[in-house]
Amino acid sequence: MKTYTNVKDLGDLKQAVKEALEVKKNRFAYKHLGENKTLLMVFFNSSLRTRLSTQKAGMNLGMNTIILDINQGAWKLETERGVVMDGDKSEHILEAIPVMGSYCDVIGVRAFAQFENKEDDYQEKILNQFIKYSGRPVFSMEAATGHPLQAFADLITIEEYKKKDRPKVVLTWAPHPKALPQAVPNSFADFMNEADVDFVITHPEGYELDPKFVRGAKVEYNQDKALEGADFVYAKNWAAYADPNYGKILNMDKSWTVTTEKMALTANAHFMHCLPVRRNMIVSDDVIESPQSLVIPEAANREISAQVVLKRLLESL
Ligand code: CP
């Protein structure tokens with residue numbers, strides 16, 4: 001594997017989950033792979049889980065890790081070619097990326113959607129420049145349109161907790177005070193569409209996701225109806241994708257918050273969320289603290305998904 005930006009990079013998904021469960025049983029078995037190899041993690045945006053779990057995964061594999069927070073101490077980067085750089089940006093990304101590549105063997109990049117230009121976001125302008133100019137294997141630590149490390153961890157968690165061969169998994173929009181990218185729901189849909197699950201997406205009208213990620217999934221605008229019989233409820237907020245509202249909050253309808261009453265409609269479903277989560281906007285205290293909540297094991301599996309990806313990238317060197 002030379003890059004990791006979406007579900008397709010994993011190849012056979014069943015095999016990838018099997019590998020993840022094996023790695024989880026013995027996370028230090030491949031320590032030789034990363035010996036004298038350096039992982040560089042580049043963050044254009046904040047992180048708790050991705051930062052810690054990916055660094056831990058690299059350490060499990062014997063790698064040295066370097067973290068660069070672009071907005072804290074690095075030169076401000078210009079990303080557009082042709083710009084006269086007479087403003088506050090001191091360095092161009094076209095020099096910065098190959099320089100970063102010269103100090104490491106594998107690069108992880110976090111660069112969220114900026115909601116300024118839908119085409120730039122959906123063309124993954126920043127991530128793709130790292131792939132093109134770094135000369136190193138590159139993996140997404142959440143880019144503008146996808147968060148495949150999270151979705152892989154979500155799938156591993158569903159595999160661990162499912163009680164039937166083909167569980168019903170519901171991705172539900174929930175309210176939030178800030179406009180959030182579609183990266184997490186896009187990747188979750190991408191993975192669920194490839195997995196052996198009955199997948200339903202529910203959201204208010206106007207929050208339709210990119211059809212490229214929704215594919216054949218059932219979309220149900222009535223949240224209560226969607227939740228009926230669910231085995232897993234995956235809550236997430238996202239801003240509108242469709243034009244002319246790209247990146248906008250259309251409403252903060254609190255009737256979409258995942259509460260005990262909502263969970264009562266399900267088949268005693270597990271609750272999932274990628275975190276960080278705003279309590280009593282996305283999910284009530286009672287639901288996230290309930291025994292059915294998987295948010296902590298789900299976050300713990302981020303170490304495992306990152307380790308499988310890093311292992312495969314190291315094996316390709
Ligand atoms: N879920 C997730 O990616 O968390 P962080 O933003 O804290 O890394």
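At-a-glance table
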| read-out | value |
| --- | --- |
| Every residue from the stretch 95-116 that is crowded, with 16+ Cβ neighbours inside 10 Å and assigned to a helix (DSSP H, G or I) | Ala96, Ile97, Met100, Gly101 |
| Matching residues in the stretch 133-172 - criterion: being under 27 Å from Met252 (Cα atoms) and either of a type in the set (Gly, Ala, Ser) or surrounded by fewer than 22 Cβ atoms within 10 Å (Cβ to Cβ) (or both) | Ala143, Ala144, Gly146, Ala151, Lys168 |
| Given (1) touching a Lys or Arg at 6+ places or on another chain (Cβ under 7 Å); (2) open to solvent by less than 30 Å² (accessible area, probe 1.4 Å), index of the condition Gly229 fails | (2) |
| Counted residues, the stretch 35-66 - those being over 25 Å from Pro297 (Cβ atoms) and not hydroxyl-bearing (Ser, Thr, Tyr) | 9 |
| Condition check for Tyr122: open to solvent by 10 Å² or more (accessible area, probe 1.4 Å), within 19 Å of Met41 (Cβ to Cβ) and not β-branched (Val, Ile, Thr) | no |
| Qualifying positions in the stretch 277-302 - more than 12 Å from the ligand (Cβ to nearest atom), touching a residue at least 12 places away in the same chain (Cβ under 8 Å) and over 13 Å from Asp154 (Cβ atoms) | Arg278, Asn280, Met281, Ile282, Val283, Ser284, Asp286, Val287, Ile288, Ser290, Gln292, Ser293 |
| Residue within the stretch 206-216 that is in contact (Cβ under 8 Å) with a residue 12 or more places away in the chain, more than 16 Å from the ligand (Cβ to nearest atom) and under 20 Å from Val277 (Cβ atoms) present | yes |
| Whichever residue in the stretch 235-276 is closer than 25 Å to Arg51 by Cα and without any contact (Cβ under 8 Å) to a residue 40 or more places away in the chain and, among such residues, is farthest from the ligand (Cβ to nearest atom) | Phe271 |
| Residues that are away from the ligand (no atom under 16 Å from the Cβ), assigned to a helix (DSSP H, G or I) and open to solvent by 50 Å² or more (accessible area, probe 1.4 Å), drawn from the stretch 23-58 | Lys24, Lys25, Lys31, His32 |
| Residue in the stretch 1-17 that is more than 25 Å from Ala183 (Cβ to Cβ), open to solvent by 40 Å² or more (accessible area, probe 1.4 Å), more than 16 Å from the ligand (Cβ to nearest atom) and assigned to a loop (DSSP other than H, G, I, E, B) present | no |
| Residues (within 15 Å of the ligand (Cβ to nearest atom), in a loop (DSSP other than H, G, I, E, B) and within 22 Å of Ser102 (Cβ to Cβ)) located in the stretch 117-151 | Met141 |
| Selection count where residues are open to solvent by 20 Å² or more (accessible area, probe 1.4 Å) and away from the ligand (no atom under 16 Å from the Cβ), scope the stretch 59-76 | 8 |
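The values are calculated or read from the model by the stated rules, or taken from the named source; none is laboratory data. These numbers come from a predicted model, not from an experiment. For neighbour counting, all protein chains shown are included, and Cβ atoms are generated from backbone atoms with ideal geometry for every residue, glycine included. We work out accessible area using only protein heavy atoms, side chains counted, and drop any ligands, DNA or RNA first. Shrake-Rupley method; radii C 1.70, N 1.55, O 1.52, S 1.80 Å.
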